[in-house]
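The values are calculated or read from the model by the stated rules, or taken from the named source; none is laboratory data. Not measured: the values here are computed from a predicted model. Please note: Cβ atoms are built from the backbone with ideal geometry, for glycine as well, and neighbour counts cover all protein chains shown.
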């Protein structure tokens, strides 16, 4: 990084020029007992990954970070942290992007700018019974270089008109917003953050398709339930609660 980030005393930064994966390094540090709010950053990743072990293209110039958390919450509630992080990133991006550029959240873990993917979030954890020992929250944000030849159209801050934002600037701003959102989640629970996420939810109220491990469902994106699951309406009052899957929008195919 061009300069040392100005972070709150709660954070401990571990920075690399080049790394296989910030999540891999953060998981290793978490297993060794690294304290909460240890944050691993790299200028470039050689083996970055997203959900379901998909590759995450990681050239220099973007932001790649992984944050170690030790939430005092039941395991089932920690999936909400992908929504907490999305809301924090949305609050971070709001003042930086030009007026008229839409920020939206795609269930369960993506942030879009002007209808194209700009960021992805990945959660990995270790638990004992129903409690989390540690959780790593990974974030990749395209500042300058969106990936090419990917199934989901991608963009970057530079492409939408926010070219002057550096990785250090974004790290400082995101960490500030995330700390506030995380504290709110720990102390007040998920309801207000759920509402904030829904206010920018991509496709809410419209037709969607959800690809599960063994089937593909279609219906209406009705809601996000109290746990963070997607509520899919299938007509005739029938609903399905989806806890994991990939969402597609028919008009975009």
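Values for this structure:
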| quantity | calculated |
| --- | --- |
| Candidate set: the range 57-78, residues that are surrounded by fewer than 18 Cβ atoms within 10 Å (Cβ to Cβ) and in a helix (DSSP H, G or I); chosen: the one modelled with the highest pLDDT | 77 |
| Tally of residues being surrounded by fewer than 17 Cβ atoms within 10 Å (Cβ to Cβ) and on the phi < 0 side of the Ramachandran plot across the range 185-199 | 8 |
| All positions within the range 189-199 that are farther than 15 Å from residue 77 by Cα and out of contact with any helix residue (DSSP H, G or I) (no Cβ under 6 Å at 6 or more places or on another chain) | 195, 198, 199 |
| Among (1) more than 30 Å from residue 75 (Cβ to Cβ); (2) in a loop (DSSP other than H, G, I, E, B) - the single one residue 168 does not satisfy | (2) |
| Single unsatisfied condition, residue 157 versus (1) in contact with a helix residue (DSSP H, G or I) (Cβ under 8 Å, 6 or more places away or on another chain); (2) over 22 Å from residue 24 (Cα atoms); (3) part of a helix (DSSP H, G or I) | (3) |
| Test: residue in the range 23-41 that is more than 20 Å from the chain's Cα centre (by Cα), part of a loop (DSSP other than H, G, I, E, B), over 23 Å from residue 128 (Cα atoms) and without any contact (Cβ under 8 Å) to a residue 60 or more places away in the chain | no |
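Rundown of residues vs (1) under 19 Å from residue 208 (Cβ atoms); (2) modelled with pLDDT of 95 or more; (3) crowded, with 21+ Cβ neighbours inside 10 Å, yes/no style:
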site: 85; (1), (2), (3): no, yes, yes
site: 88; (1), (2), (3): no, yes, yes
site: 93; (1), (2), (3): no, yes, yes
site: 96; (1), (2), (3): no, yes, no
site: 114; (1), (2), (3): no, yes, no
site: 119; (1), (2), (3): no, yes, yes
site: 124; (1), (2), (3): no, yes, no
site: 127; (1), (2), (3): no, no, no
